[in-house]
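Take a look at the structure below.
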Amino acid sequence: MMNDEERGSRVSYKALYRVWRPQKLEDISGQTHITKTLQNALVQEKFSHAYLFTGPRGTGKTSAAKIIARAINCEKAPVREPCNECRACRGILDGTVVDVVEMDAASNNGVDEIRYIRDNVMAAPRDLRYKVYIIDEVHMLSTGAFNALLKTLEEPPKHAIFILATTEPHKIPLTIVSRCQRFDFKRISPSDLVARMTYILEREGWKAEEEALHLIARTAEGGMRDALSLLDQAISFAEETITVDDVLAITGTVSERFLRKVATALKERDSVSAITFVHEAIQNGKDPLQFIEDLMYYFRDVLLYKTSPSLDKVFHRATNDEDFQQFAEEIEEAWVYEVIHALNQYQQQMKTTPHRKVFLEMAFIHICKQEKSPSSQVVEALERKIEQLEKKLLAQNDAPSSPTTADRARAKPEKTARARPTQAPVLREEKARLQGLLDEASKQDLEWIVERWNQIRQEVKKKSVPAHAWLSDSQPVVSDGKRVLLAFQNDMHRNMVEKKFRPLIQEAMTVVCGQPVEFLTTLAPHWEKLKQAYKERHASDDTPREESDPVVEEAVKLFGSEIVEVIEDK
Amino acid sequence: MWHQLKEEQPVVMRMLEKSIEKNRLAHAYVFEGEAGTPKKEVALVLAQSQFCSELNGVVPCGMCAECRRIEHGNHPDVLMIDPDGATIKKHQVEELQKQFSYKSMEARLQVYIVNEADKMTASAANSILKFLEDPESPTLAILLTENTQFILETILSRSQKLSFSPPSLSTRIALYEEKGTKEIAPLLARLSNPFREKDLLDMSDWIVQGRSLVIQLVQEVEKKSPQVLFTLQEKWLAHFKDREELELGLDLLLFWYRDCLAVKHGQADLAYPDQETLLKNMALQLSESAIAMRMQQVLEAKRWLLAHVNSQLLMERLLLRLQEGL
């Protein structure tokens, strides 16, 4: 066959989709509803004088038209399939026969070209039994051209048939459509695509991972030509066997594993790692737009799974394995809706801007910062009530608990007045507290409190503007989730906060954080030293050095070596 | 040239090299990548690799007559189509088809490169379809575009798509630093691409000034100072005069808030690396969603700008909104 010759020639390599263009109706994948009808029509010689083939790209419209042209002219007709061997079939395949005209309607869309057809169609065929006019991309004909075609299309001479093919049937005038037998080609299902690709690979002697083919099929979105183009590219790219990674590299999509990682981060409201992942993906040359779409499809699959686990045949990105099931079951359905909605919104905006990465990041932050609850109004109302209750409670508690606060307030000035070893009892308590805090503190806790810090300040401001002013001198520097250490630049500010505003600030923190958080105060330079000492101690944990007096060590840690003066008892 | 491009676009060049080695070069490619990625350059060396008389493996020499003619656009079998005005018209495609219906002048292969292929009119795009799928003689088509979304699906399905990755930020920064713009190198690298001729190096003084304006402006915004409107009037609008300049100014502003976010997340690659203390302070004051909201405001302002909104009103609105935010 001609294909073999061409495949043999080194000079002109031909794309797979051209080499493997179906030569028989039965080779056309996934369109049995059409091929059966046509085969029967051919055998019974009851074919129409005008066909309209519509459907998305790469579903076999032009191929079917070409096959029909051969089948009705085949010397062995009536047949179900063209033989592709007789003089007529070969002539049509070579393009040496003048009676089969394949016209590109996009380039020849004027009235003049249609008039030419109209004048020519009257003449009897030269070599064959039927004249066949294949008008491809017929939606591009001008209105005048369509109308010029109408009469010919309705009553052509017995020896002529028309086959119109288009991807955009809505652009065809109804008067044309009503004169044709219309066939709608469907998108080809992934399994059909995989079957055809496997067949071709076998014939060509290449190998591919099963999963890689599925990935190609999913990306092709029902177009055989898309699938074969991708396969072509994958064959060129791959070393021996076509692997999933090869396909991912070509299509610019990310792996399912990666999508899961990002989705999990979103689920856990962990915007930092979600954004780090994005950074990573873009660094690897992935397109943000493609990425956000993949993610949308992933969540769509989650939603489908939640609707019914048996819908996994229409999954787009996800495979229905155990990890996925577990992931899907842990998610709230309402949240998935919101995520898809948000992603979709940001994707729309993304298309018009060069700062795609920024949009992606914002989308993630937006999703992570969403409230978990479905109807926020109800929750807000409840929150307000709880707040009021808390205030009452705090007011009651204040009276008995004030001594402790006062104690601490008294302790502070002493400490700040350059502590001496003589003030041991009060100090030791403070020291132990800070030490405990440092040991239990974690970065997450600090981030947690820092995230709310602004809100806390706003809350304080609502109650007392001076308190807010005094407080703005400080920064939260370390926290273990229950306690937080505030470092002040100025001693006076610290004293004011400690003496006058402690209950007020304490309350604001409780309100914002949703749980009681205690705060301790220190001065920024002290904190620096404390941190340094803590780090040194941790660094030296591995290599134990000579042991010194624990009390002295603690004191040094707390106040720095310049301040602490060690006087031996003896 | 080939090797230089290979460094810049490893994936694309590897793909092409392998295709040539295996004699599996497709008949139609779509090169897709941001402005500034070397799409045209790759298209030309690819053409050279098909004609060069002194090929070194797959690498064209770049010196022989064939290579030089292609480089200068004089080769009779390598045609280039550029948009005629705003779009690529149908008659351009028809001319191309006519040219290609003659046998090739010298070699067996004919190459055409369509620049900004997304700008083809609907009829031009449809006209090229059949020609792309079933050319009569051996043909290599290369369509270049910044945006595949505006290209017909039917064209895409007939060709192999190669995506060009933008050059990584760090390479760009390094290149600008080499060119002696230490302070604003990270900013320049974000705004433009040093590999291409259209970069902002000539404007570096202007950007240095713009940069300090941004820093002043954000500080005033975050302090909720009413002074900000005067700064806008006296300095900002005097500096960022026309629409394009204002767009750059908004970009600078956007990068500032982006940095705030980066600092909050403990990331290192900042556009304003020397302002880390200030950024840290600001990041502490603002919650993550507050920063995100500010970025959104800036981006929205950029969109309005594209719609030719009065620039003073636009900026005033933006600043007031930024100040209102929590």
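The values are calculated or read from the model by the stated rules, or taken from the named source; none is laboratory data. Worth saying up front: this structure is predicted, and the values here are computed from it rather than measured. Methodologically, a virtual Cβ is constructed for each residue, glycine included, from the backbone with ideal geometry; neighbour enumeration extends over all protein chains shown.
State yes or no: is residue A:455 over 25 Å from residue A:393 (Cβ atoms) and either within 12 Å of chain B (Cβ to nearest Cβ) or free of Cβ contacts under 8 Å to residues at least 12 places away in the same chain (or both)? When the stated conditions are applied, residue A:455 does not pass them. When region B:133-166 is filtered for residues that are at pLDDT 85 or above and either of a type in the set (Asp, Glu) or part of a helix (DSSP H, G or I) (or both), the ones remaining, listed by number, are B:153, B:154, B:155, B:156. Taking region B:261-324 as the region of interest, the helices (runs of 4 or more DSSP H) fully inside it that hold 1 or more residues being touching a residue at least 40 places away in the same chain (Cβ under 8 Å) and more than 13 Å from every other protein chain (Cβ to nearest Cβ) are B:276-285, B:311-324. Scanning region A:74-113 for residues that are β-branched (Val, Ile, Thr) and either in a helix (DSSP H, G or I) or touching a Cys at 6+ places or on another chain (Cβ under 8 Å) (or both) gives A:92, A:111. Across region B:3-14, which residue is farthest from the other protein chains (Cβ to nearest Cβ) among those that are under 26 Å from residue B:149 (Cα atoms) and in contact (Cβ under 8 Å) with a residue 40 or more places away in the chain? That would be B:5.
Quick check: is even one residue across region B:113-121 part of a strand (DSSP E or B), under 20 Å from residue B:43 (Cα atoms) and more than 13 Å from every other protein chain (Cβ to nearest Cβ)? Yes; the residues of region B:113-121 include at least one that is part of a strand (DSSP E or B), under 20 Å from residue B:43 (Cα atoms) and more than 13 Å from every other protein chain (Cβ to nearest Cβ).
Kindly provide the set of residues from region B:15-32 that are more than 21 Å from the chain's Cα centre (by Cα), among the charged types (D, E, K, R) and more than 8 Å from chain A (Cβ to nearest Cβ), ordered by number. Result: B:17, B:21. Scanning region A:334-372 for residues that are at pLDDT 85 or above and more than 14 Å from every other protein chain (Cβ to nearest Cβ) gives A:334, A:335, A:336, A:337, A:338, A:339, A:340, A:341, A:343, A:344.
Taking the condition surrounded by 15 or more Cβ atoms within 10 Å (Cβ to Cβ), among the aromatic types (Phe, Trp, Tyr) and farther than 16 Å from residue A:47 by Cβ, does residue A:146 pass? It is true that residue A:146 is surrounded by 15 or more Cβ atoms within 10 Å (Cβ to Cβ), among the aromatic types (Phe, Trp, Tyr) and farther than 16 Å from residue A:47 by Cβ. Taken over region A:25-72, the residue count meeting the criterion of being more than 14 Å from chain B (Cβ to nearest Cβ), charged (D, E, K, R) and either crowded, with 22+ Cβ neighbours inside 10 Å or touching a Leu at 6+ places or on another chain (Cβ under 6 Å) (or both) is 1.
Checked against the criterion of being modelled with pLDDT under 90 and basic (Lys, Arg), region A:212-223 has at least one qualifying residue.
The single condition among (1) free of Cβ contacts under 8 Å to residues at least 40 places away in the same chain; (2) over 30 Å from residue B:117 (Cα atoms) that residue B:215 does not satisfy is (1).
Taking the criterion of being in contact with a Lys or Arg (Cβ under 8 Å, 6 or more places away or on another chain) and of a type in the set (Ser, Thr, Tyr), the only residue of region A:167-200 that qualifies is A:167. For region B:218-230, the criterion of being of a type in the set (S, T, N, Q) and touching a residue at least 24 places away in the same chain (Cβ under 8 Å) is met by at least one residue.
Residue count for region A:149-175 satisfying the condition of being among the hydroxyl-bearing types (Ser, Thr, Tyr), crowded, with 19+ Cβ neighbours inside 10 Å and either within 14 Å of chain B (Cβ to nearest Cβ) or within 49 Å of the chain's Cα centre (by Cα) (or both): 2. Pairing each residue of region B:42-67 that is of a type in the set (Phe, Trp, Tyr) with any residue that is at pLDDT below 90, provided the two are 6+ apart or on different chains, yields C-beta distances under 6 Å for B:51/B:66; B:51/B:107. Scanning region A:31-83 for residues that are among the hydroxyl-bearing types (Ser, Thr, Tyr) and in contact with a strand residue (DSSP E or B) (Cβ under 8 Å, 6 or more places away or on another chain) turns up A:37, A:48, A:51, A:54, A:62. Taking region A:94-114, which residues are touching a residue at least 24 places away in the same chain (Cβ under 8 Å) and more than 44 Å from the chain's Cα centre (by Cα)? Matches in region A:94-114: A:94, A:97, A:98, A:99, A:100, A:101, A:110, A:111, A:113, A:114. For residue B:174, the criteria (1) within 12 Å of chain A (Cβ to nearest Cβ); (2) without any contact (Cβ under 8 Å) to a residue 12 or more places away in the chain hold in every case but one, which is (1). Filtering region B:138-155 to residues that are within 20 Å of residue B:101 (Cβ to Cβ) and at the interface with chain A (Cβ under 9 Å from one of its Cβ atoms) leaves only B:138. Residues in region B:95-105 that are exposed (fewer than 12 other Cβ atoms within 10 Å of the Cβ) and either at pLDDT below 85 or away from chain A (no Cβ under 13 Å) (or both): B:101, B:102, B:103, B:105. Exactly one residue among A:26, A:6 is at pLDDT below 90 and assigned to a helix (DSSP H, G or I), and that residue is A:6. Touching a helix residue (DSSP H, G or I) at 6+ places or on another chain (Cβ under 6 Å) and either on the phi > 0 side of the Ramachandran plot or within 10 Å of chain A (Cβ to nearest Cβ) (or both): does that describe residue B:35? No. The helices (runs of 4 or more DSSP H) located wholly in region A:218-315 that include 1 or more residues which are more than 29 Å from residue B:157 (Cα to Cα) and away from chain B (no Cβ under 14 Å) occupy A:256-267, A:288-307.
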